[in-house]
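For reference, the structure is listed below as structure tokens.
The values are calculated or read from the model by the stated rules, or taken from the named source; none is laboratory data. Bear in mind that the values here come from a model prediction, so they are computed numbers and not experimental data. Neighbour counts are summed over all protein chains in view; Cβ atoms, including those assigned to glycine, are modelled from backbone coordinates with ideal geometry. Quick note on the areas: whole protein, heavy atoms, side chains included, nothing else; ligands and nucleic acids left out. Shrake-Rupley method; radii C 1.70, N 1.55, O 1.52, S 1.80 Å.
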Amino acid sequence: EVVHPQAGSLSIGDVAVAPSDPNILYIGTGEANNSRSTYWGDGVYKSADAGKTWTNVGLPESHHIGRIVVHPADPDTVYVAALGHLYSENAERGLYKTVDGGKTWAKVLSVEVRGKAVGVVDVVMDPANPDVLYAASSDKVRRAWPFNLGGPERGVFKTADGGETWTKLG
């Protein structure tokens, strides 16, 4: 949990440091698990001064961020794996990308089954080629009564062009 005068108290899903500039940090809020005691967040926060000050840079309805990956040479290119709301459907589930440090976001991986958006829980970047990424979807809506393992659209996806096109691997 981070307590900060500009952001309040937030639940954290992931923290990422820009490899090309360690003064640039991103925090994805909302726990990245799917249990009964999971706390949600209000999007992505960015610091350009090594954590002294923070600004919310968007995705407030993502609620639960599983992973943030920052491009190794460009600290403004960032990928965010968003699980979305756990107890209800919402369109903000998916994998997001910004190329301007969080001023704007594009959903680059949208997984749907029967019109229902599926969350993305993780993303990794190939260290030899930053255009190659792998993302894991999590087809899950948490209910108060059962705790099932997930739905049919959970899987692993690959892109070789920085998120323009994706192939489901399994």
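For G119, the residues whose amide H sits under 5 Å from its own are S138, K140, ignoring neighbours fewer than 5 places away on the same chain, with H placed 1.01 Å from N.
Oblate is the label for the range 23-116. Its Cα gyration tensor axes, ordered a ≥ b ≥ c, give a/c of at least 1.5 and b/c at or above a/b. The slack in the chain from Y87 to K52, taken as 0.36 nm per residue of separation less the alpha-carbon distance, amounts to 9.2 nm. Rounded if a/c is under 1.5, else prolate if a/b is larger than b/c, else oblate: which is the range 69-110, with a ≥ b ≥ c the root eigenvalues of its Cα gyration tensor? Because a/c hits 1.5 or more and a/b exceeds b/c, the range 69-110 counts as prolate.
What's the FRET efficiency of Y134 with A106 using the Cβ-Cβ distance as r and R₀ = 22 Å, to the nearest 0.05? For Y134 and A106, the calculated efficiency is 0.75. Placing R0 at 22 angstrom, the Cβ-Cβ distance between D21 and V99 gives a FRET efficiency of 0.90 after rounding to 0.05. Our coupling estimate for the range 94-102, obtained by passing each phi through the Karplus curve with A = 6.51, B = -1.76, C = 1.60 and θ = phi - 60°, is x, 10, 10, 9, 10, 10, 10, x, x Hz, Gly and Pro reported as x. Sorted on the mean count of surrounding Cβ atoms within 10 Å across their residues, most packed first, peptides 123-130, 72-79 read 72-79, 123-130.
Under a 5 Å amide H cut-off, with hydrogens placed 1.01 Å from N, V57 pairs with V44, Y45, K46 among residues at least 5 apart or on other chains. Accessible area ranking (1.4 Å probe, heavy atoms, ligands and nucleic acids excluded), largest first, for R154, R93: R154, R93.
Near the amide H of H85, within less than 5 Å, lie the amide hydrogens of N90, all on another chain or at least 5 residues away, with H placed in the peptide plane.
Taking a Cβ cut-off of under 13 Å around D21, the surrounding Lys, Arg, Asp and Glu residues balance to a net charge of -2, with basic ones at +1 and acidic ones at -1.
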